[in-house]
Amino acid sequence: MTGQITHFEIYGDQPEQLSEFYGALFGWRMERMEGLDYWRMHLNPTDAEAVGGGLTYRPKTDPKGWLQFVHVESLDDSIALAERMGAKVVRSKTAVPRTAWVAVLADPSGNMFAVWQPDVTAFPMPEPD
């Protein structure tokens, strides 16, 4: 459903230690994704498949806090509208392989959030030569 928060990410300089922290603090099951420095956070102990968030290294933009992801029907349209309304693109549209397209924006006050368009065919484009 569009307009709903789909998940969140937590960033840190030592994500493995943070995964242990949140796992112990809240009882979340933390699952490191194979080949990536990314941990999926399973928040609901009765639903082993439900993913509520992720944890990874802090990006260069150095956000503090948790980043909320909002489901949109069209990532491109949402980015264009947000920019017309005064938002700035912090991280350009990128693919989460075979999952979704995502971009990080800052609202006119500088608050960051992500827009998320599910797409099982999403895949990063190769860099031009």
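Observations on the model:
- Among the residues making up the range 69-92, those that are touching an Asp or Glu at 6+ places or on another chain (Cβ under 9 Å) and under 17 Å from His7 (Cα atoms) are Phe69, Leu75.
- Of residues in the range 14-38 being acidic (Asp, Glu) and in contact with a strand residue (DSSP E or B) (Cβ under 7 Å, 6 or more places away or on another chain), the one farthest from Ala114 (Cα to Cα): Glu31
- Any hit, the range 24-34, residues being closer than 24 Å to Val120 by Cα, touching a helix residue (DSSP H, G or I) at 6+ places or on another chain (Cβ under 9 Å) and exposed (fewer than 15 other Cβ atoms within 10 Å of the Cβ): yes
- Entry remark, the range 63-77: residues being of a type outside the set (A, V, I, L, M, F, W, C) and closer than 16 Å to Asn111 by Cα number 4 in total.
- Selection count where residues are closer than 14 Å to Gln17 by Cα and at pLDDT 85 or above, scope the range 41-74: 5
- Selection within the range 1-24 - closer than 18 Å to Leu43 by Cβ and part of a loop (DSSP other than H, G, I, E, B): Gln4
The values are calculated or read from the model by the stated rules, or taken from the named source; none is laboratory data. The structure presented is a predicted model; accordingly, all values stated were derived computationally and were not measured. Glycine also receives a Cβ, built like all others from the backbone with ideal geometry; neighbour counts cover every protein chain displayed.
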